[in-house]
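The values are calculated or read from the model by the stated rules, or taken from the named source; none is laboratory data. Worth saying up front: this structure is predicted, and the values here are computed from it rather than measured. Cβ placement follows ideal geometry from the backbone for every residue including glycine, while neighbour counts extend to all protein chains displayed.
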Amino acid sequence: MLFELALIAAAALAGLLGSMIGLGGGVFIVPLLTLLFGIDIRLAVGASIVSVIATSCGAAPGLLRAKLVNIRLAVVLETATVAGALAGVAVSGLVGTGTLYILFACVLFYSAGAMFFGKDKFQEQLEGSAATGRFDGHYHDKRLARSVGYRVRALSLGIALMWLAGVLSGLLGIGSGVLKVPAMDRVMGLPIRVSTATSNFMIGVTAAAGAGAYFARGDVQGPLAAPVALGVFAGAWAGSRLVPSLKASTIRIVFSVVIAAVAVQMFLRGVG
């Protein structure tokens, strides 16, 4: 019972942080389970991919009500991400444990650097009515007390990056937000709040695409996955309520510091 309560508490913290920065709880669940609880990485990845679905379910409703999710863009990008996730699952059983740790760390280092050195201001701020493109959008910024519009750029490159994000999701069970958020923020020009919200909306579908294979291989263990999913859902629900009122700079700093710390731990584990 104490072990399960500890899992729920740790997963709730992971879900809170994951929903705030659009990564899904999986990016924290894998290090927590392997480094803190000593669980085999493949079982941790299996529980993680279930927790990613829970994160999306917990966070998406609140973010949709706040109108931070670009639904039209999310549907297009998710098609590429799901295809990548299926490819990642297909080769996941062929990759060694040490390689998984090191690959995970490299992805996290990239994400932390891309966001830390990113600009706090949007690449292009518009009045809400000025965003007229097919995938452009706008939302009400509580801090600015006005509607802010934005234009979506480099859609083709964004789709390619979403496919790569899907591969990483299927391979590592991390929800693919570690690449989705920087891609939407730095490459496609979305405001950071919209990037994190749209990522939260998408990650559940991506994870669900690969979850079946993990179930079939026996990597999803109910006694482990159930408390993790419960805790992550509760944390994600709470985190989604904080996103609309957070500063863009705060989101970037939290993203970068947490991800860099996790990356160091995973890299050290990967090299023994």
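Somewhere in the stretch 117-130, is a residue modelled with pLDDT of 80 or more, out of contact with any Lys or Arg (no Cβ under 6 Å at 6 or more places or on another chain) and within 23 Å of ALA59 (Cβ to Cβ)?
No, because not a single residue in the stretch 117-130 is modelled with pLDDT of 80 or more, out of contact with any Lys or Arg (no Cβ under 6 Å at 6 or more places or on another chain) and within 23 Å of ALA59 (Cβ to Cβ).
What's the number of the condition LEU94 fails, among (1) free of Cβ contacts under 8 Å to residues at least 24 places away in the same chain; (2) over 30 Å from ARG153 (Cβ atoms); (3) part of a helix (DSSP H, G or I)?
The single condition LEU94 does not satisfy is (3).
Please identify the pairs in which a residue from the stretch 211-228 that is within 11 Å of VAL50 (Cβ to Cβ) has its Cβ atom under 8 Å from the Cβ atom of a residue that is surrounded by 13 or more Cβ atoms within 10 Å (Cβ to Cβ) and of a type in the set (S, T, N, Q), counting only partners at least 6 apart or on another chain.
ALA225/SER51; VAL228/SER48; VAL228/SER51
Of the residues VAL75, VAL52, VAL45, VAL30, which is touching a residue at least 60 places away in the same chain (Cβ under 8 Å) and either within 19 Å of TRP163 (Cα to Cα) or not in a helix (DSSP H, G or I) (or both)?
Sole residue among the options that is touching a residue at least 60 places away in the same chain (Cβ under 8 Å) and either within 19 Å of TRP163 (Cα to Cα) or not in a helix (DSSP H, G or I) (or both): VAL52.
Being of a type outside the set (D, E, K, R), over 15 Å from LEU179 (Cα atoms) and part of a helix (DSSP H, G or I) narrows it down to one of ALA260, ALA234, ALA207, ALA197, so name that one.
ALA234
Has the stretch 248-261 got at least one residue that is closer than 24 Å to LEU100 by Cα, surrounded by fewer than 19 Cβ atoms within 10 Å (Cβ to Cβ) and touching a Pro at 6+ places or on another chain (Cβ under 8 Å)?
No, the stretch 248-261 contains no residue that is closer than 24 Å to LEU100 by Cα, surrounded by fewer than 19 Cβ atoms within 10 Å (Cβ to Cβ) and touching a Pro at 6+ places or on another chain (Cβ under 8 Å).
Determine whether SER156 is at pLDDT 70 or above, among the hydroxyl-bearing types (Ser, Thr, Tyr) and within 30 Å of ALA211 (Cα to Cα).
Yes; evaluated as a whole, the condition is true for this residue.
Kindly indicate whether LEU246 is within 22 Å of SER111 (Cα to Cα), without any contact (Cβ under 8 Å) to a residue 40 or more places away in the chain and out of contact with any Gly (no Cβ under 7 Å at 6 or more places or on another chain).
Criteria not met by LEU246.
Out of the residues in the stretch 78-99 that are of a type in the set (Val, Ile, Thr) and within 21 Å of ALA160 (Cβ to Cβ), which is surrounded by the most Cβ atoms within 10 Å (Cβ to Cβ)?
THR81
Please go through (1) closer than 20 Å to LEU179 by Cβ; (2) touching a strand residue (DSSP E or B) at 6+ places or on another chain (Cβ under 7 Å); (3) surrounded by fewer than 19 Cβ atoms within 10 Å (Cβ to Cβ) for ASN70 and return the number of the only condition it doesn't satisfy.
The number of the failed condition is (3).
Kindly evaluate ALA9 against the criterion of being part of a helix (DSSP H, G or I), crowded, with 22+ Cβ neighbours inside 10 Å and of a type in the set (A, V, I, L, M).
In short, no.
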